[in-house]
1. Among the residues of the stretch 19-51, write down those that are touching a helix residue (DSSP H, G or I) at 6+ places or on another chain (Cβ under 7 Å), within 12 Å of residue 63 (Cβ to Cβ) and either in a loop (DSSP other than H, G, I, E, B) or modelled with pLDDT under 60 (or both).
2. Within the stretch 41-50, how many residues turn out to be over 12 Å from the mean Cα position of the chain (by Cα) and under 11 Å from residue 23 (Cβ atoms)?
3. Residues of the stretch 52-82 being modelled with pLDDT under 85, under 21 Å from residue 19 (Cβ atoms) and either more than 11 Å from the chain's Cα centre (by Cα) or part of a loop (DSSP other than H, G, I, E, B) (or both), which ones?
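The values are calculated or read from the model by the stated rules, or taken from the named source; none is laboratory data. Predicted model only: the values in this text are computed from it and were never measured. Glycine gets a Cβ as well: all are built from the backbone with ideal geometry, and neighbour counts include every protein chain shown.
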């Protein structure tokens with residue numbers, strides 16, 4: 001007897017753990033100055049989550065995915081450059 005997986009089961013997202021770190025921790029782990037981390041968050045390049053009144057946390061896995069994608073993106077010369 002074979003059992004088949006219901007089609008709706010394949011589309012269910014499973015819970016994952018998220019590593020949220022403070023901005024200074026992210027800077028240390030990524031070997032960046034904390035000011036650089038804050039600048040990337042402020043510009044919207046990296047998502048950050050507000051915790052409490054003054055605290056901010058970054059999803060470290062998401063940041064790593066984005067930085068890997070940036071490194072793998074092809075460099076396109078500006079128009080008019082030769």
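1. 19, 46, 47
2. Within the stretch 41-50, the first condition is being over 12 Å from the mean Cα position of the chain (by Cα), and the residues that meet it are 42-43, 50.
Now narrow it down to the ones that are under 11 Å from residue 23 (Cβ atoms): 42.
Residues in the stretch 41-50 being over 12 Å from the mean Cα position of the chain (by Cα) and under 11 Å from residue 23 (Cβ atoms): 1 in total.
3. Result: 70, 71.
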